[in-house]
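To start, the structure under review is shown below, and the notes come after it.
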Amino acid sequence: MATTRLDDPTSVARAFLDARARGDVGAARNLVADDVRWMSPIYGEQEGEDELVEMQAEAFEETEWFASEVLSTEARGPRVLARVRNRGARHGRELDSEQLLIFTVHDGLIQRVDISVDDPKRVQRFWNAS
């Protein structure tokens, strides 16, 4: 159940990204609406805080190592554009990818996240490696 409320969309998005970078699933969960929508070029559309948090946890659980670095954020009303660099290693494959995450924030909670990645096929191969 979502409980954390911050004053502005940028603070919410940054807090989520910081929690993600730490692998703090509980803190990330508290920043999203129960019915959050997550639009990913890799996983398609997901709905609900459990789905979003599980995908975040998998990044750390299913890799030898994973790091997520926020390169920039830009507020546009209720939306926050965040450029993120993800790096990691999994089953002998390396990941070094930039993403653009567009957060839509309402009443202090993330309602929607739209993601685009620099090279969807390369990112897909990384996550599908076994």
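Every number in this text was worked out from the coordinates using simple rules, so none of it is lab data. Keep in mind that this is a model prediction, so the values were computed, not measured. As a convention, Cβ positions derive from the backbone with ideal geometry for all residues, glycine included, and neighbour counts pool all protein chains shown.
Which of the helices in the chain, when you take each full DSSP H run, stretch at least 15 Å along the axis at their Cα atoms and have an average Kyte-Doolittle score of -0.5 or higher? Walk me through the numbers before you get to the answer.
Details: long enough: 9-22 (20 Å, -0.15); 49-61 (18 Å, -0.63).
Span-like helices in the chain: 9-22.
Taking the Cα centroid of segment 98-130 and of segment 19-71, what is the distance between the two, rounded to the nearest whole Å?
9
Relative contact order of the chain, please, whole-number percent, based on alpha carbon pairs below 8 angstrom and at least 6 residues apart. Working shown, then result.
Values: 268 pairs, mean separation 33.9, N = 130.
Relative contact order for the chain comes out at 26 percent.
Select one label from (1) 12, 36, 26, 17, 8, 1; (2) 14, 47, 32, 7, 0; (3) 15, 45, 27, 12, 2: the one whose number is P(r) over Cα pairs in 10 Å bins from 0, in percent as derived from the coordinates shown.
(2)
So which chymotrypsin sites (Phe, Trp or Tyr not before Pro) in segment 17-91 end up in coil per DSSP with only 16 or fewer other C-beta atoms within 10 Å?
Within segment 17-91, the qualifying chymotrypsin sites (Phe, Trp or Tyr not before Pro) (loop, at most 16 other Cβ atoms within 10 Å) are Tyr43.
Write down the percent of antiparallel bridges among all DSSP beta bridges whose residues are both part of the chain, to the nearest 5.
90
Using only C-alpha positions, report the orientation-averaged shadow area of the convex hull of segment 49-94, nm², one decimal.
Averaging across all directions leaves 4.0 nm² for the Cα convex hull.
For segment 67-80, take each phi angle, set θ = phi - 60°, evaluate the Karplus expression 6.51 cos²θ - 1.76 cosθ + 1.60, and give the result in whole Hz per residue in order, putting x for glycine and proline.
For segment 67-80, the Karplus curve yields 9, 10, 10, 7, 8, 6, 9, 9, 8, 9, x, x, 10, 10 Hz.
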